[in-house]
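Just so it is clear, none of the values below were taken in a lab; they were calculated from the coordinates. Just so we're clear, the structure is a prediction, and the values are computed from it rather than from any experiment. Virtual Cβ from ideal backbone geometry, glycine too; neighbours counted across all protein chains shown.
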């Protein structure tokens with residue numbers, strides 16, 4: 001992370017007045033002529049050293065036994081600082097992409113003196129069996145070399161929305177230059193989205209949240225709360241990236257949940273922290289809440305009541321609620337938050353690039369809509385923009401929340417460009433769009449769904465490709481009116 005990017009990120013963080021914790025990592029390097037040079041350093045805290053700092057610190061030490069306790073450490077750091085290393089201890093977050101990077105032909109295999117590797121992992125959002133499979137698969141893959149890496153099919157949905165985002169940026173830039181204003185600063189009601197997840201890593205996002213709060217309790221070993229701007233597993237960071245990808249003008253509020261490893265080996269979100277986070281989102285008067293997770297019914301009746309009350313209050317306040325399907329196949333699901341307000345929560349399932357619902361979703365009878373959720377490409381940040389893919393209904397849920405935010409933003413553009421006579425009309429439409437049933441109409445009728453998906457997959461191309469085609473015959477300074485026209489057309493079906 002550059003100094004400039006760090007300072008920019010810090011502008012968006014509101015620290016408390018009282019300092020609660022200071023942690024200074026300690027490094028110890030031991031060695032003499034008779035023993036191998038051994039490196040041991042604890043760097044598993046929330047503010048781990050960067051790659052460049054590690055390389056500078058270890059240059060010339062000739063480390064032979066590597067035990068730098070930092071999760072998902074880049075292979076190149078080891079290769080650059082310890083080319084003759086014999087034993088490596090790696091600390092793994094559970095991210096399969098990192099594991100594959102270590103095991104690739106250009107990875108650890110390049111270290112000629114390497115004799116032993118120890119991988120110390122922790123449970124991610126995947127099940128124990130899936131995590132174990134990830135660890136075993138790279139070994140099996142050595143016997144079957146792949147000639148070419150697998151490239152997922154180009155998703156028409158993702159491509160369409162990516163092109164529309166570019167057009168939105170250009171339309172705003174043209175208007176700003178011609179009118180000497182900033183469109184975003186003149187929007188009457190900015191779109192506020194609450195992301196309830198495991199936090200975010202701000203240095204991995206293209207845009208920064210406007211605020212947040214952590215609901216992680218103080219740990220026994222360290223007397224401090226984990227902040228919202230540090231993600232427990234990286235899951236929340238991915239969800240934030242996807243929301244911003246569809247609605248880059250969203251004002252994101254990050255509410256960090258507490259979690260733990262359940263009896264089944266899966267990472268479980270605590271119902272108590274979920275209830276508090278939802279209540280906080282209501283207090284902040286957000287327009288949208290994105291919840292790419294599920295919770296089994298709490299055994300404690302008081303906790304269950306608090307969770308149901310928080311969800312019910314959010315629905316009552318006309319907040320658009322999005323949650324993920326279970327990805328557990330065709331079985332009856334009684335999980336929260338969906339079960340607490342079935343008729344007022346958008347339950348989203350993942351789909352393939354073709355629009356076909358993912359098999360893991362099971363029956364479409366228990367979901368409202370499907371969005372891309374299979375091998376969705378993530379956008380990298382910084383000079384090393386490594387291509388990554390994500391799969392699951394949690395991915396689809398973030399995209400759905402982003403689309404709802406974009407719809408609201410386009411209507412705000414219509415309000416900005418409206419005459420005095422039309423301003424109140426479109427303000428009224430905007431308020432109506434915050435109603436669950438009216439947004440259903442926009443998804444299903446104004447934008448449309450595909451017949452092949454049993455009328456679940458949102459067909460965005462007709463609505464969002466049209467202004468780009470029309471722009472070829474319009475003055476670039478008036479492209480903003482094409483965005484406003486999208487907002488107008490999205491409102492046409494909500495009053496009928």
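Highest first, please rank the peptides 482-494, 163-175 by the mean number of other Cβ atoms sitting within 10 Å of their residues.
482-494, 163-175
Compute the FRET efficiency between residue 356 and residue 284 as 1/(1 + (r/R0)^6), taking r as their Cβ-Cβ distance and R0 = 41 Å, and round to the nearest 0.05.
E(calc), rounded to 0.05, equals 0.65.
Between residue 188 and residue 166, what is 0.36 nm times their sequence separation minus the Cα-Cα distance? Round to one decimal in nm.
Using 0.36 nm per residue and subtracting the Cα-Cα distance, I get 5.7 nm.
Residue 309 versus residue 431, label points 7 Å from Cα toward the beta carbon: distance in nm?
Spacing of the two 7 Å Cα→Cβ label points: 2.9 nm.
Please report, in cubic angstrom per residue, the volume enclosed by the convex hull of the alpha-carbon atoms of the range 156-491.
145 Å³
Could you check the simple spin-label distance between residue 419 and residue 452, using points 7 Å along Cα→Cβ, in nm with one decimal?
Going by the 7 Å Cα→Cβ label model, 4.4 nm.
Taking every pair of alpha-carbon atoms in the range 273-312, give the share separated by more than 17 Å as a whole percent.
28 percent
Suppose each label sits 7 Å from its Cα in the direction of the beta carbon; what would the residue 302-residue 334 distance come out to in nanometres?
The modelled label-to-label distance comes out at 2.3 nm.
Quick check: residue separation of residue 57 and residue 493 times 0.36 nm, minus the Cα distance between them. What number comes out in nm?
Gain on extension, residue 57 to residue 493, equals 150.7 nm.
Would you please put 302-315, 269-282, 102-115, 427-440 in order of how densely packed they are, using the mean number of other Cβ atoms within 10 angstrom per residue and starting with the highest?
Those peptides, ordered most packed to least, come out 269-282, 302-315, 427-440, 102-115.
Expressed in nm to one decimal, what extension gain is obtained for the pair residue 343 and residue 76 from 0.36 nm per residue of sequence separation less their Cα-Cα distance?
Here the segment from residue 343 to residue 76 would lengthen by 91.1 nm.
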